[in-house]
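A.B. asks: Right, I'll just put the structure down here and ask away after.
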Amino acid sequence: MEKVWLITGTSSGFGRQLVEQLLPTGDRIVATARRLETIADYAEKGMDRVLLAELDVTDAAQAKRVAEEAVKVFGRIDVVVNNAGYDLTGAFEGMTDQQIRDQFETNVFGVINVIRATLPIFKTQGAGHYINFSSVLGKVSFPLQSIYSATKYAIEGLSDSLSQELAGFGIKTTVVEPAVYKTEINRKSPRVAGLPEYKSIYEAVSKQFASFPHGDPALAVKAILELTAMENPPLHFPLGAPAYATIRADLQARLDELGSVEKLSAFPVVS
């Protein structure tokens, strides 16, 4: 059965790769971006199977209009991919209030806006699948990623709770946790002005980032498409071998730490 997809942030990266791989399948796509000219090429490639929509995910009213237009044109929405977002990198101490708020507005409230706009549609249909992009940094944080990680941890918690709330309505939830991929997120994302006392940390993180395997977005999206075909897709999906290994190692470290405080932590609770 053909599906209708609503995908945010389709001008580049995973969003663009999703559209490119979906075009030959016969599925219908609502491709969104803040500026329509960045996705204008989809119109010729997809003909009447692609609906282009301007969407700034921080605008709740605009998200609602796009969802309504999708149903008007295609009759339903089967999969919502919350992909739009960016990475604010730098020392926490050097970040401005506005930079921090803007990061949350896009990465967290943007997802909330799209879910709120589409949830009534999914409930009416009695079916739907949310694919919310988190990151390996939503499980394991690193220096200079404090606020970006905070937004992705928020997406993890949001998705975990919604998966339980919405399952009874036939709605599935998957949170995708990619590591480092060859996308434009790092080039396009803002950088916080460096503070001299953090120079050694910047150098270490830069070296670590350069040595980390950079995955192929095409292979990653192929895996995501296979996942959406599953009858019971997973709630958490580490995207790629580096993400899987990193998250697995962190979970084991947490279990070890938990064991080390068992006697101290497990004191009787008096009601």
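The values are calculated or read from the model by the stated rules, or taken from the named source; none is laboratory data. Note that the coordinates shown come from a computational prediction; the quantities given were computed from them, not determined experimentally. All Cβ positions, glycine included, derive from the backbone under ideal geometry; neighbour counts span all protein chains shown.
A.B. asks: Being closer than 25 Å to ILE171 by Cβ, of a type in the set (Gly, Ala, Ser) and modelled with pLDDT under 95 is true for just one of GLY26, GLY90, GLY9. Which residue is that? Quick ask: steps written out before the conclusion?
C.D. replies: On the way: GLY90 fails: closer than 25 Å to ILE171 by Cβ; GLY9 fails: modelled with pLDDT under 95.
On inspection, the qualifying residue turns out to be GLY26.
A.B. asks: Sticking with this one: I'm checking my understanding of the structure. Among residues of region 229-254 that are within 22 Å of THR183 (Cβ to Cβ) and over 15 Å from the mean Cα position of the chain (by Cα), which one is surrounded by the fewest Cβ atoms within 10 Å (Cβ to Cβ)? Let's see the steps before the verdict.
C.D. replies: So the first thing to find is which residues in region 229-254 are within 22 Å of THR183 (Cβ to Cβ), and the list is 236-247.
The next check asks that each one be over 15 Å from the mean Cα position of the chain (by Cα); those that pass are 241-242, 244-247.
Working: ALA241: 11, PRO242: 18, TYR244: 15, ALA245: 13, THR246: 20, ILE247: 18.
Here the residue is ALA241.
A.B. asks: So which pairs qualify, if the first residue must be in region 20-37 and farther than 17 Å from ASN83 by Cβ and touching a residue at least 24 places away in the same chain (Cβ under 8 Å), the second must be aliphatic (A, V, I, L, M) and in a strand (DSSP E or B), the Cβ gap must be under 9 Å, and the two must be at least 6 apart or on different chains?
C.D. replies: ARG28/VAL4; ARG28/VAL50; ARG28/LEU51
A.B. asks: Confirm whether TYR198 is over 15 Å from the mean Cα position of the chain (by Cα) and not charged (D, E, K, R). Walk me through it before giving the result.
C.D. replies: Details: over 15 Å from the mean Cα position of the chain (by Cα): yes; not charged (D, E, K, R): yes.
The answer is yes for TYR198.
A.B. asks: Is one or more of the residues making up region 103-120 surrounded by fewer than 22 Cβ atoms within 10 Å (Cβ to Cβ), at pLDDT 95 or above and within 23 Å of TYR202 (Cβ to Cβ)?
C.D. replies: yes
A.B. asks: Would you pick out the residues in region 17-49 that are in contact with a Phe, Trp or Tyr (Cβ under 7 Å, 6 or more places away or on another chain) and either assigned to a loop (DSSP other than H, G, I, E, B) or more than 18 Å from VAL71 (Cα to Cα) (or both)?
C.D. replies: Hits for region 17-49 are VAL19, LEU22, ASP27.
A.B. asks: For region 6-16, does any single residue satisfy the condition of being polar (S, T, N, Q), touching a strand residue (DSSP E or B) at 6+ places or on another chain (Cβ under 7 Å), surrounded by fewer than 23 Cβ atoms within 10 Å (Cβ to Cβ) and not in a strand (DSSP E or B)? Walk me through how you get there before you give the answer.
C.D. replies: Let us first name the residues in region 6-16 that are polar (S, T, N, Q), namely 8, 10-12.
Among the residues that remain, those that are also touching a strand residue (DSSP E or B) at 6+ places or on another chain (Cβ under 7 Å) are: 8, 10-11.
If we keep only those that are surrounded by fewer than 23 Cβ atoms within 10 Å (Cβ to Cβ) as well, we get 11.
Among the residues that remain, those that are also not in a strand (DSSP E or B) are: 11.
Yes, region 6-16 contains at least one residue that is polar (S, T, N, Q), touching a strand residue (DSSP E or B) at 6+ places or on another chain (Cβ under 7 Å), surrounded by fewer than 23 Cβ atoms within 10 Å (Cβ to Cβ) and not in a strand (DSSP E or B).
Residue-wise test of (1) at pLDDT 85 or above; (2) crowded, with 19+ Cβ neighbours inside 10 Å; (3) outside any loop (DSSP other than H, G, I, E, B).
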site	(1), (2), (3)
ASN132	yes, yes, yes
TYR148	yes, yes, yes
LYS152	yes, yes, yes
LEU166	yes, no, yes
ALA193	no, no, no
LYS199	yes, no, yes
LEU219	yes, no, yes
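A.B. asks: If you don't mind, another one. Looking at GLU177, GLU226, GLU257, which is the one that is surrounded by fewer than 18 Cβ atoms within 10 Å (Cβ to Cβ), closer than 24 Å to THR10 by Cβ and modelled with pLDDT of 95 or more?
C.D. replies: Values: GLU177 fails: surrounded by fewer than 18 Cβ atoms within 10 Å (Cβ to Cβ); GLU257 fails: closer than 24 Å to THR10 by Cβ.
Answer to the check: GLU226.
A.B. asks: Would you call ILE100 under 30 Å from VAL192 (Cα atoms) and either in a loop (DSSP other than H, G, I, E, B) or out of contact with any strand residue (DSSP E or B) (no Cβ under 8 Å at 6 or more places or on another chain) (or both)? Even if it seems obvious, please write down each step before you answer.
C.D. replies: Numbers: under 30 Å from VAL192 (Cα atoms): yes; either in a loop (DSSP other than H, G, I, E, B) or out of contact with any strand residue (DSSP E or B) (no Cβ under 8 Å at 6 or more places or on another chain) (or both): yes.
So ILE100 fits the description; yes.
A.B. asks: I've got another one for you. Being modelled with pLDDT under 95, within 30 Å of ASP97 (Cβ to Cβ) and part of a helix (DSSP H, G or I) narrows it down to one of SER206, SER161, so name that one.
C.D. replies: On the way: SER161 fails: modelled with pLDDT under 95.
SER206 is the lone residue from the list that is modelled with pLDDT under 95, within 30 Å of ASP97 (Cβ to Cβ) and part of a helix (DSSP H, G or I).
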